Amino acid sequence: MAGMVAQVNAASQEVQKQNLPSVQAQANPSQPIPVALPTDAKISMKKGTPQSGRVVEIDEKTQKISLQRGRDKVSIPLGQIDKIVFSQSAVVYRRNRWPVYRGYGTSAKGRRETWRGIPMKAFRLLDPNQGQAEVKLESVLSLDKLDSIRSVMVGDGKNKPQFVVDEMQFDVQKKTITIAATPY
């Protein structure tokens, strides 16, 4: 009997260890979601010629986005942008700093998510050179939805997926962002 109790306890501890990341994510709903911006973005303008480059800054105060094109840096007012579409074939740097090429043997680890009404101040670009950013979604998503997103990010524990931004749109009047992202 003592042997069976020890096995049950050992199995219970293993289940608890596997569920620990999920429990930790549920315990802190304000924890930001890490996202990655691919290195190549196409900006559709409301009027005028489309622009392209690497997004290196999104400034809530000045309501501008900055693009890096080689050595040149260009600022565009958010009010002039229809949407930003990130190339499916562009390099993406994951949290572990390793580059990933979407569409070249790298398949999505889940379905595309669209997050609407995100306050601009809830999005933060941490490393513009590698496109590392984070977004706080607790003001626009339910706790259940946040738990669902975080469960995708836990993955198998070894290769943790990260959401890669596919598109962004800005509502300058409401100071919000809509982000479409897919876990890779």
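The values are calculated or read from the model by the stated rules, or taken from the named source; none is laboratory data. Predicted model, so just to flag it, every value in this text is computed and none were measured. Positions of Cβ are generated from backbone atoms using ideal geometry, with glycine treated the same way; all protein chains shown enter the neighbour counts. We work out accessible area using only protein heavy atoms, side chains counted, and drop any ligands, DNA or RNA first. Shrake-Rupley method; radii C 1.70, N 1.55, O 1.52, S 1.80 Å.
Some points to look at:
- Of residues in the stretch 124-166 being of a type in the set (A, V, I, L, M) and open to solvent by 60 Å² or more (accessible area, probe 1.4 Å), the one farthest from residue 98 (Cα to Cα): 143
- For the condition part of a strand (DSSP E or B), modelled with pLDDT of 95 or more and of a type outside the set (Lys, Arg), residue 79 does not qualify.
- Set 108, 180: member being in a strand (DSSP E or B), open to solvent by less than 70 Å² (accessible area, probe 1.4 Å), small (Gly, Ala, Ser) and under 25 Å from residue 54 (Cα atoms): 180
- Candidates 121, 175, filtered to the one that is touching a residue at least 60 places away in the same chain (Cβ under 8 Å) and either buried (at least 19 other Cβ atoms within 10 Å of the Cβ) or in contact with a helix residue (DSSP H, G or I) (Cβ under 7 Å, 6 or more places away or on another chain) (or both): 175
- Breaking point among (1) over 13 Å from the mean Cα position of the chain (by Cα); (2) in a loop (DSSP other than H, G, I, E, B), for residue 117: (2)
- Unique match (being open to solvent by 60 Å² or more (accessible area, probe 1.4 Å), without any contact (Cβ under 8 Å) to a residue 60 or more places away in the chain and not in a strand (DSSP E or B)) among 42, 61: 61
- Taken over the stretch 140-174, the criterion of being at pLDDT below 90 and part of a loop (DSSP other than H, G, I, E, B) is satisfied by 155, 156, 157, 158, 159, 160, 161, 162.
- So residue 100, is it in a strand (DSSP E or B) and more than 23 Å from residue 174 (Cα to Cα): yes
- Of all residues in the stretch 94-104, none satisfies being open to solvent by 80 Å² or more (accessible area, probe 1.4 Å) and at pLDDT 95 or above.
- The residues in the stretch 55-97 that are of a type in the set (D, E, K, R), out of contact with any helix residue (DSSP H, G or I) (no Cβ under 9 Å at 6 or more places or on another chain) and more than 21 Å from residue 112 (Cα to Cα) can be counted, and the count is 7.
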